[in-house]
Amino acid sequence: MAIIRSMITRSYSSIRSLRVCVIGSGPAGFYTAEKMLKAHEDAQVDIIDRLPTPFGLVRSGVAPDHPETKIVTNQFTRVARNERCSFFGNVTLGSSISLSELCQMYHVVRVVLAYGAESDRNLGIPGEDLRGVHSAREFVWWYNGHPDFCHLAPDLKSTDTAVVLGQGNVALDVARVLLKQPAELATTDIASHALAALKESSIRKVYLVGRRGPVQAACTAKELREILALKDLYVNIKQDDLQITAADEEEMKNNRIRKRVFDLLTKASSSSQTRPTSGQPELHFTFFWKPEKFLESNDKTGHVGCVNFEKTTLKGSAGSGSQIAVGTGQYEDLKCGLVLKSIGYKSIPVDGLPFDHSKGVVPNIKGRVLSSSDINLTEDGLYVCGWLKRGPTGIVATNLYDAEETVASISEDLTKKDPTPEFASGREGLLQLLENRKIQAVTFSDWGKIDSEEKRLGSLIGKPREKLTNWNDLLAIASK
Ligand code: NAP
């Protein structure tokens, strides 16, 4: 609290500087803050996050065996340590503070929303709420130690088969984690509860199921190569599924990634063994199947036991992404005890913010939020960045270009504004309100205590860090 008080006092001196609040401390939020601080020497940027920890998807989404992708947190740490930047975790837009309250505190450029996609697309088919059917996001958050999902406890012991729906990079991540030797994960920052469950897992077969064909598989070549290279893996791809049409040829001509992925799948299908040996981990790429319903297990009431699929065929013209899957009226069942729906993340709307529910984004032009009352106007001082702006696609670095575009819009808009901003209570107003509401804001130096503790715990067991996975522990260490 003493640090927060001194922050309140210190920032009164710069009361007329440009005050910006960035909501969300994932890649989109940090890149926006970085670009804002660089572009505007007088800017003061406050980043708030609902979690007590920074870095969003880099901490909770990136797979534990992809440490190289997490190196970007060094760059974000430098941004957070800039004297014109602050981080306040454990502050939730909506419940801790409303958007309209923030808009009153931060004038000129009020708020850049970069809080990502914390929900999932749904299939909307029968049986989706059976136990054992999870979204891939929940599973990823569970193995990455997200404090909202430390109790997920997916049942990995009473089945040998998992079905992953979708063939994007998230699907490949969850399939890889299920099939990889746990010993190879033991030296990563995977949550201990997940490592223990994976060590005891009986899952040996993973079906990666796509509603379209191998030319339309949404994953990228590097990630596909990685899973195909797993130790002692049996890979099954039906030759029939690799028969392509003129429209597929056309799609591949227009998209190098699709071509590379298709070539890798073709190579894997011809070089793989004819049948698995006993106990060997199996990865089955299954194409042209769309899920129709989830059926209850005969042995375990309320638990999934099978997925019913309809065989599909592709319809539509050639050209990138324009062929769609349509049902053929033929159905097939696939027995399994775990289903991970990896069909895309979805952003959550907040009160007072225009939202396009079908696309799951905030309608915007180059990051400027479009007015909800008149689509020819933009909301004064409101901007978006990241998945909330463009939908849940792209890698961490995509957010860099996205942030550049949003900050360019902000800079352009600022040239049309009064160079002497009106009074804005900014950081001290925010902190005062949080104090009044008895909300424990976690500063970046508080995060430093969590970070040190996690690294210390990790060093005891040969891991880069042992994540603290529940809210009480995180807040207790932060307040020490
Ligand atoms: P994604 O790439 O959009 O893949 C979604 C998958 O779900 C597609 O195969 C899609 O098939 C399928 N799908 C969507 N709706 C469906 C439905 N109703 N029924 C059946 N299947 C359906 O999404 P993601 O895998 O969640 O990844 C999100 C972004 O993060 C991507 O840009 C990804 O590359 C990135 N990412 C990158 C890495 C990495 O670089 N290592 C790791 C993880 C994530 P259709 O194509 O037929 O729609």
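The values are calculated or read from the model by the stated rules, or taken from the named source; none is laboratory data. Quick caveat, the model's predicted, so the values are computed rather than measured. Ligands, DNA and RNA are excluded from the accessible area calculation, which covers all protein heavy atoms including side chains. Shrake-Rupley method; radii C 1.70, N 1.55, O 1.52, S 1.80 Å.
When the gyration tensor of the chain is built from Cα positions, what are the square roots of 5 times its three eigenvalues, in whole Å, from largest to smallest?
42, 27, 19
Given the chain, what percent of its DSSP beta bridges are antiparallel, to the nearest 5?
40
Given a cut-off of under 8 Å on Cα pairs at least six residues apart, what relative contact order in percent is computed for the range 383-480?
Relative contact order, the range 383-480: 18 percent.
Quick one: length gained pulling Gln280 to Ile257 fully straight, 0.36 nm per residue minus the C-alpha distance?
Net length gain for the segment: 5.3 nm.
Give me the percent relative contact order of the range 95-168, please, defined on Cα pairs under 8 angstrom at least 6 residues apart.
Across the range 95-168, relative contact order equals 16 percent.
Rounded, prolate or oblate, given the Cα gyration tensor of the range 351-425, with a/c below 1.5 counting as rounded?
oblate
Any idea of the accessible area per residue across the range 108-184, 1.4 Å probe, to the nearest Å²?
On a per-residue basis, the range 108-184 sits at 33 Å².
Which pairs in the list Lys311/Lys346; Lys157/Lys463; Lys438/Lys480; Lys290/Lys335 are over 20 Å apart, alpha-carbon to alpha-carbon?
In this structure, Lys311/Lys346; Lys157/Lys463 lie more than 20 Å apart at Cα.
Leaving out ligands, DNA and RNA, what percent of the accessible area of the range 121-341 is carbon and sulfur, probe 1.4 Å?
On the range 121-341, the fraction of accessible area on carbon and sulfur atoms equals 48 percent.
Which whole-number percent gives the relative contact order of the chain, counting Cα pairs below 8 Å spaced six or more residues apart?
Computed value for the chain: 23 percent relative contact order.
Dimensions of the range 24-89 along principal axes (Cα, Å, largest first)?
40, 23, 16
Out of all DSSP beta bridges in the range 121-341, what portion is antiparallel? Express it as a percent rounded to 5.
The antiparallel fraction comes to roughly 40 percent.
I need the Debye-formula profile for the range 436-477: one equal scatterer per C-alpha, no solvent, reported as log10 I(q)/I(0) at q = 0.26, 0.27, 0.28 1/Å, two decimals.
These q points yield log10 I(q)/I(0) values of -0.89, -0.93, -0.97.
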